[in-house]
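Visitor: Mind looking over this structure? Questions follow.
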Amino acid sequence: MNQNIERIEVYLDESNEPLQVLTSPPFKVTLDSSQIPDGPHTLRVVTTFKGGQTEEEIVEFEVDNLPSPFIDGIDDGQQVRGPVEFEIVTGDYAAPLARGGLSIIGAVLSALLVLGLVWFYFAFSPSAREIVVEKGAAPAAAAHEGAVAGDAAAGKELYAAQCASCHGQNAEGAFGPALAGAAIVGNAEQFNSIVKGGTGSGMPPFAQLSDKELADLRAYLGSLGGGEAAAPAAAGEVDPALMSEGEKIYLTSCASCHQPNGAGVATFPALAGNEKLADKDLVIDRTLNGKVPMPGFGDQLSDEQVAAVATYIRNSWGNAFGPVSPADVAAKR
């Protein structure tokens, strides 16, 4: 421990009054998230050293104690005829994350190392790295030497016991995103990272699963297929600068719900391998106007910014649906 620390003050959001003042180790904080409104929040940690020097650390997190229902089976603007059946889905947040205090905050503040203060950041999601799989290419993880072979039959039993209650009996999606035929299943490294580490919001970690069990799960989910893939929109080459700008906007405005790797969580669907993204007008409309429980960003983002983030979403994590132009966005406002 660093013996030069005089005190640590923890502030929530814009408050000028510290939530807690810590003067001796262990520097642990318990935050009751049930007393905080749902939505994004900021934790500010100010460390004062003997001699007067200060160091400030900012951690952003999101409270989600009251999941919103969403409609599964009918989309905004969809034309229908005759009887239409759809389901109103609501999440069950009886898991410890919803009411048991914000243990992640305690982890952030749990350790100080010699020669410096090192904070363990939120285990809120898997790392934000873009994984692009060319259309028709074999998944990289499956191709490397020594890959663990999976047993689909064993994976089916494991899925029924551990996953079906959230992702549906046939991996068609329920409280969690659909996994049948999803592109993420074909990428062992990304899939294993999410399953073993959890998402930090809705999905718990399954660190106890072995590499063989994870391979069995992927084998089973891969055997389900996903139906006919939608044909990508042939709309020209994607500008790398537009993708870069779109990634910045996505990580700032979208990743807290859809996850940095596009895997989705709770009532927010996966974007990785999502065939609906082939519909350019749908992507633009959702970004501008939103859909319960997703807010719209039409008042916050310019046509150029909407085009950038829509292009990024449509061409990341195995998606290859072509660019979106500012003119496309302007036509939909």
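Visitor: Under a Cβ-Cβ cut-off of 10 Å, what is the net charge of the residues other than VAL195 that fall near it, where Lys and Arg count +1 and Asp and Glu count -1?
Guide: +1
Visitor: Assuming 0.36 nm per residue, please report the length gained on full extension of the stretch GLN300 to GLU157 beyond their Cα-Cα distance.
Guide: Full-extension gain reported as 46.9 nm.
Visitor: Ok, one more. Pop the C-beta distance of ALA207 and ALA327 into the FRET formula with R0 = 35 Å and round what comes out to the nearest 0.05.
Guide: 0.15
Visitor: So between THR23 and LEU282, what do we pick up on full extension, going 0.36 nm a residue minus the alpha carbon distance?
Guide: Working it through step by step, the gained length comes to 87.9 nm.
Visitor: Given a Förster distance of 35 angstrom, what is the FRET efficiency for ALA149 paired with GLN53, based on the Cβ-Cβ distance and rounded to 0.05?
Guide: It comes to 0.05.
Visitor: Quick one: order LEU179, LEU43, LEU301 by neighbouring beta-carbon count within 10 Å, fewest to most.
Guide: LEU301, LEU43, LEU179
Visitor: Among 303-311, 33-41, how do they line up by average Cβ neighbours within 10 Å per residue, starting with the highest?
Guide: The peptides rank, most packed first, as 303-311, 33-41.
Visitor: Now for a separate question. Give me the percent relative contact order of the stretch 240-332, please, defined on Cα pairs under 8 angstrom at least 6 residues apart.
Guide: 31
Visitor: Then there's this: Just rank VAL63, VAL21, VAL46, VAL265, fewest to most, by other beta-carbon atoms within 10 angstrom.
Guide: VAL21, VAL46, VAL63, VAL265
Visitor: Say the cut-off is 28 Å between C-alpha atoms; which of LYS248/LYS276; LYS28/LYS196; LYS28/LYS212; LYS248/LYS280; LYS248/LYS291; LYS248/LYS332 go over it?
Guide: LYS28/LYS212
Rule-based calculations on the coordinates, nothing more; no lab input. Everything numeric in this text was worked out from a predicted model, so none of it was measured. All Cβ positions, even for glycine, are placed from backbone atoms using ideal geometry, and neighbour counts span all protein chains on display.
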